[in-house]
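Written below as structure tokens is the structure these notes are about.
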Amino acid sequence: MIDENRRNTIKIFLGATAALGAGMLATPLVGSLVAERAGYIQPQRTGAIPIEVCKSPDNCPEEYAVPLEELKNGPVFKLLKVNTMAIPAVFGIVRATDGKEYPVAYVSICTHFGCPLNVSGGKYLTGFHCPCHGSSFIVCNNPDGCPDKKAAFLEMYVSSGPAVRSLRAVKVEVKNGKVYPLVAYV
Amino acid sequence: MRWLVRLWELILERFHLKEFLEHPVPRYSNINPLYWFGDVAAVSFFLLALTGFFLALLYTPGMAVKEVPTSALMPWDVLHPKKTETVQATQSYLSVYTITYLTPFGFILRQFHLWAAYMMIMAAFVHFFAKFVLGSYKRKGGGALWFLGVLLGFLTVNQAVLGYILPLHLDGILALLIGLNLFRYFDYIGIPVGGLIIALLGSNYPTDAVIKMIYVAHILVVPAIILILLGLKIQGILYGGVSPPPVRDQELAKKMVDDKEPFYPHRFALMTGQVFLQISLLLLLVAFFPQPLLEPWAPGEIVPAGVRPPWPVMWYYTYVKMIDPFISVGIPIIMVLFALVVPLLDRRGGSSISERWLWILIAIIYMAIIGYGSVLGFIIEIPKQITPFTRIAVPPDSAVPYIGTPSPIG
Amino acid sequence: MDPIALAWITAGIAVPAAVLVYVFIGTDMKWAVATGLTSVLLLLTLFAYTANIITALYTAVSWPPDPQIVQQGVMYQRVAAGQLAAASFIVGILAVGYYMEISKKRGHE
């Protein structure tokens, strides 16, 4: 009996030591990987993670900015490199039904399975098409919103295909003839 | 010559290899093809490790984009003829391009690795179904081996996908993007998988760090786990024996099990033959059916129409196109989980075919799900995409590109 | 030499050799080994010749590559793979033949 107890004690002791050792090793190993990236772990229940690109247009790096002159020729793809992230953004100009023009930007990752999107439309940005599983996105260009599509004004809603939510947007602001990205939803 | 023989005998003696070499192996497992495919998969793994070592030396991962003249692209690599003078390619793509087309014997090396990978997947599938039909998990120790086998199969498919991503050709980048975003469906039900991916890899879009991580996983982490599990499995088979013969007659089964040959030289000669024949088959496939190194792609370029996944995941592509995403995303998880619990569900009765027709039927249905999807994916273009019954209405903050009310220009 | 011609020479050696080895395995193992090893030696010599051409061809490669040279290199490497495949096949069937021989012997005892 005493022997059995002693054996169990040794087992527990050894097990605890092994667990402690594994923990001691794992902390720096995993910590070195996660490091400053851990701040991003806040996905919303609607499937988007907000990433701050710039606080305001005043202190935004020039490499993120897209001149309006360039946008007038058609949509522009820009790979925004923020910290460790790469965010594929498509900038463009949407022409509303009342004739006014709005500069916009969207993250060009399909909300279905994550494929890169092809831009549709010529000079003005009208929508996106996914080459993988065939989802289509169309911008709501009615200033009063599109209630029949359950979409707000400038929302890139799903017009057909298997995607489950509208495209994730990049919040933009225009200053001195340039479009600056502020917050990207990935 | 004399001293060579003595050296060999010394090695056998000092490392107690004689016990291993002379251990008896039943004859029926040497003769019945249903017992061969595990070996084929294992040998493929070692051939992959061998070729992979040289490929790892030659390959440099990276997302840096460079211009390549269109004339450098081989006509069999592009989906549609390119109209521009130059195309953009990533560092990884150029690296694999250099291995395949500008290195002596690099073409053989890469093609051999690719075909060996295909053969490993194929052999693993056949092995899985053979053991499923035979009910090998019913013998003592069989359940544990089955469990290891399912894990190994899962890792094999993982390894194939990781390897497919590494050249960063168009299809590889698409596979990577899908891999990085697919499991974000868990975000919708409150499990922060999307955040975890970004926390671990730093991005949910390919960057240098992501590619490096995939490279390390493909050449080091996953193979190491496969090697450990494979070692455990071989140990289990060595001491627990191969699965019993699929006959109902107990006496006959016992007779078959007792009819044994020593591993060396009998089984050893057979295995040598198997290795050489396998290398031969792979080299013939390289010679007669070389696979294209698909076309390059860089972020921001248009994705041409008609991109299809490779055959090991073609069945999944078919179902993804036909079924609601919230369900289709779980299909592989359900398939793996079901395979894991099969030994717990199928416990009664013997292991002969007439006694377990129900489970053989289930095995056939399992096979048919994968086979039907694969064939369908290749022969028809699924005409109309489904409309999911789960469209999520999102609040404007993540969908409208303005903070506050949109302001027009001009 | 032209890769197509090399391929035909390879096939001309490999196919009869494989058939001969297969036939001899059923009758006399000694002859099977003799023909097998001779043909493997022949095939490996042919492979050495092809390898020589390949290495010579790839010294001419520059960037951006000439698609002509790349296509030729691919053709030669496919032939080289075929030669190795043939040699490996003959060794493989010899080993399997040896297994059948020794397991048959035990059956007679």
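The values are calculated or read from the model by the stated rules, or taken from the named source; none is laboratory data. Just so you know, these numbers come straight off a predicted model, no measurement behind them. For neighbour counting, all protein chains shown are included, and Cβ atoms are generated from backbone atoms with ideal geometry for every residue, glycine included.
Can we say C:PHE89 is in a helix (DSSP H, G or I), aromatic (Phe, Trp, Tyr), facing another protein chain (nearest Cβ under 7 Å) and farther than 30 Å from B:GLU67 by Cβ? Yes, satisfied. So, B:LEU283, is that one more than 25 Å from the chain's Cα centre (by Cα), within 8 Å of another protein chain (Cβ to nearest Cβ) and in contact (Cβ under 8 Å) with a residue 60 or more places away in the chain or not? It is false that B:LEU283 is more than 25 Å from the chain's Cα centre (by Cα), within 8 Å of another protein chain (Cβ to nearest Cβ) and in contact (Cβ under 8 Å) with a residue 60 or more places away in the chain. Can you find a residue that is surrounded by fewer than 24 Cβ atoms within 10 Å (Cβ to Cβ), of a type in the set (S, T, N, Q) and over 22 Å from B:LEU200 (Cβ atoms) anywhere in segment A:84-100? Among the residues of segment A:84-100, at least one is surrounded by fewer than 24 Cβ atoms within 10 Å (Cβ to Cβ), of a type in the set (S, T, N, Q) and over 22 Å from B:LEU200 (Cβ atoms), which makes the answer yes.
Filtered by the rule that a residue be farther than 20 Å from B:PRO299 by Cα, touching a residue at least 60 places away in the same chain (Cβ under 8 Å) and more than 8 Å from chain A (Cβ to nearest Cβ), segment B:186-221 gives a lone residue, B:ILE219.
Read through the list (1) within 27 Å of B:LEU293 (Cβ to Cβ); (2) crowded, with 18+ Cβ neighbours inside 10 Å; (3) of a type in the set (A, V, I, L, M), then give the number of the only condition that C:MET1 fails. Every condition holds for C:MET1 apart from (2). Applying the set (1) modelled with pLDDT under 90; (2) touching a Phe, Trp or Tyr at 6+ places or on another chain (Cβ under 6 Å) to B:VAL286 leaves exactly one unmet item: (1). Taking segment A:53-91 as the range and being in contact with a Ser or Thr (Cβ under 9 Å, 6 or more places away or on another chain), under 20 Å from A:SER120 (Cβ atoms) and among the small types (Gly, Ala, Ser) as the test, only A:ALA89 passes.
For every residue, the table says whether it meets (1) within 18 Å of the chain's Cα centre (by Cα); (2) within 30 Å of B:LEU73 (Cα to Cα); (3) without any contact (Cβ under 8 Å) to a residue 24 or more places away in the chain.
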position: B:LYS140; (1), (2), (3): no, no, no
position: B:LEU148; (1), (2), (3): yes, no, no
position: B:LEU151; (1), (2), (3): yes, no, no
position: B:THR156; (1), (2), (3): yes, no, no
position: B:ALA160; (1), (2), (3): yes, yes, no
position: B:TYR164; (1), (2), (3): yes, yes, no
position: B:HIS169; (1), (2), (3): no, yes, no
position: B:ILE173; (1), (2), (3): yes, yes, no
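Quick check: is even one residue across segment B:258-279 among the hydroxyl-bearing types (Ser, Thr, Tyr) and more than 10 Å from every other protein chain (Cβ to nearest Cβ)? Scanning segment B:258-279, I find at least one residue that is among the hydroxyl-bearing types (Ser, Thr, Tyr) and more than 10 Å from every other protein chain (Cβ to nearest Cβ), so the answer is yes. When C:ILE69, C:ILE54 are checked against the criterion of being within 13 Å of chain B (Cβ to nearest Cβ), over 13 Å from the mean Cα position of the chain (by Cα), of a type outside the set (D, E, K, R) and crowded, with 17+ Cβ neighbours inside 10 Å, a single residue qualifies: C:ILE54. Answer with yes or no whether B:THR70 is modelled with pLDDT of 90 or more, polar (S, T, N, Q) and either exposed (fewer than 14 other Cβ atoms within 10 Å of the Cβ) or touching a helix residue (DSSP H, G or I) at 6+ places or on another chain (Cβ under 9 Å) (or both). Taking the combined requirement at face value, the residue does not satisfy it. Could you count how many residues in segment A:129-167 are surrounded by fewer than 23 Cβ atoms within 10 Å (Cβ to Cβ), in contact (Cβ under 8 Å) with a residue 40 or more places away in the chain and more than 7 Å from chain B (Cβ to nearest Cβ)? Residues meeting the conditions: 3.
Results for (1) farther than 22 Å from A:CYS146 by Cβ; (2) within 12 Å of chain B (Cβ to nearest Cβ); (3) of a type in the set (Asp, Glu), shown as yes or no for each residue.
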| residue | (1), (2), (3) |
| --- | --- |
| A:LEU33 | yes, yes, no |
| A:ARG45 | yes, yes, no |
| A:TYR64 | yes, no, no |
| A:LEU68 | yes, yes, no |
| A:ASN73 | yes, no, no |
| A:PHE77 | yes, yes, no |
| A:PRO88 | yes, yes, no |
| A:GLY121 | no, no, no |
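If the condition is being within 48 Å of the chain's Cα centre (by Cα) and more than 7 Å from chain A (Cβ to nearest Cβ), then segment B:388-410 contributes B:PHE389, B:ASP397.
Counting only strands (runs of 3 or more DSSP E) that sit wholly inside segment B:1-104, those with at least 2 residues that are of a type in the set (Val, Ile, Thr) are B:65-69, B:86-90.
In segment B:98-123, the residues that are more than 8 Å from chain C (Cβ to nearest Cβ) form Cβ pairs under 7 Å with partners that are crowded, with 22+ Cβ neighbours inside 10 Å and outside any helix (DSSP H, G or I), at six or more places apart or across chains, as follows: B:THR100/B:LEU293.
For segment B:304-360, residues that are on the phi > 0 side of the Ramachandran plot and modelled with pLDDT of 90 or more total 0. As a summary of the residue check, B:PHE107 satisfies the conditions (1) modelled with pLDDT under 95; (2) buried (at least 22 other Cβ atoms within 10 Å of the Cβ) except for the one numbered (1).
Residues of segment A:175-186 include at least one that is assigned to a loop (DSSP other than H, G, I, E, B) and more than 18 Å from the chain's Cα centre (by Cα).
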